[in-house]
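A quick write-up on the structure given underneath.
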Amino acid sequence: MNKKFNTYNDKELIKILKNGSKDESNEAFRHIYSRYSARIHAYCLKTLSDPDLAEDIFQDTFIRFYQKVKTDYTNGTTAGFLITIARNLCLNSKRDRKPTVPFEDYHQIFDFDKQGDREENQKLLQFAMSLLDFEYKEPLILRIYNGLNYKEIAEILEITPENARKRVFRAKEKIKKILEPYVNDLSD
């Protein structure tokens with residue numbers, strides 16, 4: 001193909017995806033996938049904390065995107081449309097199953113003086129995030145891991161930008177509170 005799809009912006013790629021030939025549509029989809037797959041995968045993984053389920057939701061997101069882009073896509077951002085699809089699939093998955101944390105994991109204390117402090121800190125942070133209510137966890141993930149601003153978060157979650165800012169702040173405060181016993185144990 002002679003066209004340089006990598007120079008096209010998202011709106012041009014969507015237009016080709018909707019109206020182009022089968023080969024052009026597939027190529028446009030490949031470029032959209034390469035632009036957003038890492039962000040969507042990270043969102044699913046951080047939201048669900050289950051790699052296998054996250055992988056399934058991630059794949060379903062792009063399948064649904066391909067199916068819906070011709071009929072349901074508005075003039076919003078491509079990233080916002082993809083995250084909205086991923087979010088809805090994650091919410092459906094969370095609704096269908098209730099996550100549990102084994103008692104042993106809840107009371108496990110990490111030794112930060114050992115080699116691998118960074119890895120242990122990351123595990124502890126992921127554990128703390130898994131305890132957050134989805135209402136607070138999701139905006140924090142969108143802000144920290146997806147790099148979205150509060151306006152973009154508000155559009156995806158259908159809340160005000162101020163509410164998005166408050167939820168991110170509260171999520172950080174809740175994580176501090178969850179981690180407080182671990183930090184206090186280390187200082188004793």
Contour excess over end-to-end distance, with Cα ends at TYR182 and SER49 and 0.36 nm allotted per residue: 45.8 nm
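Going by the alpha-carbon gyration tensor, a ≥ b ≥ c the square roots of its eigenvalues, is segment 1-45 rounded (a/c under 1.5) or, if a/c is not under 1.5, prolate (a/b greater than b/c) versus oblate? Show your work: numbers first, answer last.
Numbers: a/c = 2.39, a/b = 2.10, b/c = 1.14.
Prolate is the answer for segment 1-45, as a/c is 1.5 or above and a/b outweighs b/c.
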Where labels lie 7 Å past Cα in the beta-carbon direction, separation of ARG30 and PHE169 in nm: 4.7
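We did not get these values from a lab; they are worked out from the coordinates using the rules stated. All of these numbers come straight from a predicted model, not from anything done at the bench. Using ideal geometry, Cβ is built from the backbone for each residue, glycine included, and neighbour counts are taken over all protein chains shown.
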